[in-house]
1. Nm distances between the label at B:TRP22 and the same-position labels in the remaining copies, 7 Å along Cα→Cβ, shortest first?
2. Calculate the dipole size of the stretch A:1-103 relative to its Cα centre from +1 charges on Lys and Arg beta carbons and -1 charges on Asp and Glu beta carbons; express the result in debye to the nearest 20.
3. Return the single residue from B:ASN35, B:ASN94, B:ASN104 with maximal mean-square fluctuation; model: Gaussian network over chain B, springs between Cα atoms under 10 Å.
4. Sketch the reach of a paramagnetic label on A:ARG120 as a point 7 Å from Cα along Cα-to-Cβ, and name the residues of the stretch B:106-134 whose backbone nitrogen lies under 17 Å away.
5. Placing +1 at every Lys and Arg Cβ and -1 at every Asp and Glu Cβ, with all other atoms neutral, what dipole size does the protein assembly as shown have around its Cα centre, in debye to the nearest 20?
6. If you rank B:GLU56, A:GLU116 by how much accessible surface each has, with a 1.4 Å probe, what is the order from largest down?
7. To make sure I understand the rule: partners must be lysines, Cα under 16 Å from the Cα of B:LYS17, and not fewer than 8 residues away in the same chain. Which ones qualify?
8. Would you calculate, for chain A, the mean residue ellipticity at 222 nm contributed by helices, counting each DSSP H stretch of 4 or more residues as -39,500 (n - 2.57) and dividing by all residues, to the nearest 500?
Protein chains: 2
Amino acid sequence: MNGRFAISMHILTLLAKAKGEWVTSDFIAGSININPVLVRKEISNLRKKGLVVSREGKNGGTMLAKPATQVRVSDVFLATRQGTVLGSARNSPNPDCPVGRQINRHLDSLYQEAEEALIRNLGTSTLADFVHRFD
Amino acid sequence: MNGRFAISMHILTLLAKAKGEWVTSDFIAGSININPVLVRKEISNLRKKGLVVSREGKNGGTMLAKPATQVRVSDVFLATRQGTVLGSARNSPNPDCPVGRQINRHLDSLYQEAEEALIRNLGTSTLADFVHRFD
DNA sequence: ATTACTGTAATCTATTTAGTTACAGATTTG
DNA sequence: CAAATCTGTAACTAAATAGATTACAGTAAT
């Protein structure tokens, strides 16, 4: 995983704290200290995953699609990950070698089991729990 | 995590199967299908972590430093990871924002807990278990 | 009509990761 | 000791990925 999870958690935290208000991508970008376009791209992804809703035009912005108590941290993780957490970089091992021929398959199942443990852990807390950590 | 974990698991699997033989980086590179120098770099890291031993000169090579039953997959993970599994890319949030000021700290503890769950999972199997998966 | 937003494509830059070349040092073998 | 075969590393290049920027069309309020 990369910084996208962090950006999404930041966005969602701001939205949770602004309960019921439309928050602009410029405001969010100012808090994260990144470009507003990146924020909108990330929001676009969160919207596709059903976590937020947006409104265009003047006084527009974004808000949570559901209460923060109903968003698990694992939902955010699943929304932002690409590929696997462990090795994404895939080698092309030698098919003439007994180990090379099978290793990707075995690594895959190893990755999958480990990732399930990770997701189970992230599934034990919600966005609301995370927001409660802030002063 | 990146491809380094996969490369290290591949190396260690070959070493486990060649029990008691000095295996050359060229042979390993041929199985993984990458450059021998990359293999030696990775071996250098594994050696520093006490997982393998090497011998220079003619007929030299590398072998496991201890039985495959005594190497947990989590040891390999810990030997190859850099930074955290989840967000490595760190933003520099706005310190004037209450959320921006605290988020890195809260994300850190979230990451740490999740990573511990991952490591616990990887700690349940050994290199020997992994090697047994091969035909 | 103007202003303040979102949405997205296209492009550029920076960072990270992987691959390569080059060569010194170690050890065996003849 | 000389040749052959390895490791160990530094220095450099290339490729892949992530992040930033520009530009502009579309939408909604005033």
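The values are calculated or read from the model by the stated rules, or taken from the named source; none is laboratory data. Everything numeric here is computed off the predicted structure, so don't read it as measured data. Ideal geometry is used to build each Cβ from the backbone, glycine not excepted, and the neighbour counts take in all protein chains shown. Quick note on the areas: whole protein, heavy atoms, side chains included, nothing else; ligands and nucleic acids left out. Shrake-Rupley method; radii C 1.70, N 1.55, O 1.52, S 1.80 Å.
1. 7.3
2. So the dipole magnitude of the stretch A:1-103 works out to roughly 220 debye.
3. B:ASN94
4. Within reach of a label on A:ARG120: B:113-126.
5. Values: 36 positive and 24 negative charges, 49 e Å.
Result for the protein assembly as shown is approximately 240 debye, rounded to the nearest 20.
6. Result of the area sort, largest leading: B:GLU56, A:GLU116.
7. Leaving aside lysines fewer than 8 places away in the same chain, those within reach of B:LYS17 are B:LYS66.
8. Helix-only estimate at 222 nm: -17500 deg cm²/dmol.
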